[in-house]
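These notes concern the structure reproduced below.
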Amino acid sequence: MKAEAIRKQLLELLIDFEDELRSDNLRQKVLSLVPCYHQLRDLGKPLIPAEEARSARDRILHYFLKYQGVIIRPRQKIPTPDLCPGY
């Protein structure tokens, strides 16, 4: 499936999730997020052509080889200059 089609499906799921936010049913809210998680995960697959990387391991390796020496920034909002110069 193409990235654009997956993006559109993910957007629809997130828009539909608005109804779940009004509900008091926590379990239903969580269950409604599962397809979003799957679509988000699938969105990354077509970014690298299958002939270059067939598996998740191959895609990760492809990324690391392409961006050798580039630091992946941490999630924290607090800058950490010792770990990420220029952060």
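The values are calculated or read from the model by the stated rules, or taken from the named source; none is laboratory data. This one's a predicted model, so the numbers in the text were calculated from it and none came from an experiment. Quick reminder, even Gly has a Cβ in these numbers, built from the backbone with ideal geometry, and neighbours come from all protein chains shown.
The table below gives the values:
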{"quantity": "Residue within segment 72-85 that is among the polar types (S, T, N, Q), out of contact with any strand residue (DSSP E or B) (no Cβ under 9 Å at 6 or more places or on another chain) and at pLDDT 90 or above present", "calculated": "no"}
{"quantity": "Where a residue in segment 37-65 is farther than 30 Å from residue 17 by Cα and its partner, wherever it lies, is in a helix (DSSP H, G or I) and of a type in the set (Asp, Glu), with Cβ under 9 Å and at least six apart", "calculated": "52/58"}
{"quantity": "For residue 47: the one exception among (1) modelled with pLDDT under 90; (2) surrounded by 12 or more Cβ atoms within 10 Å (Cβ to Cβ)", "calculated": "(2)"}
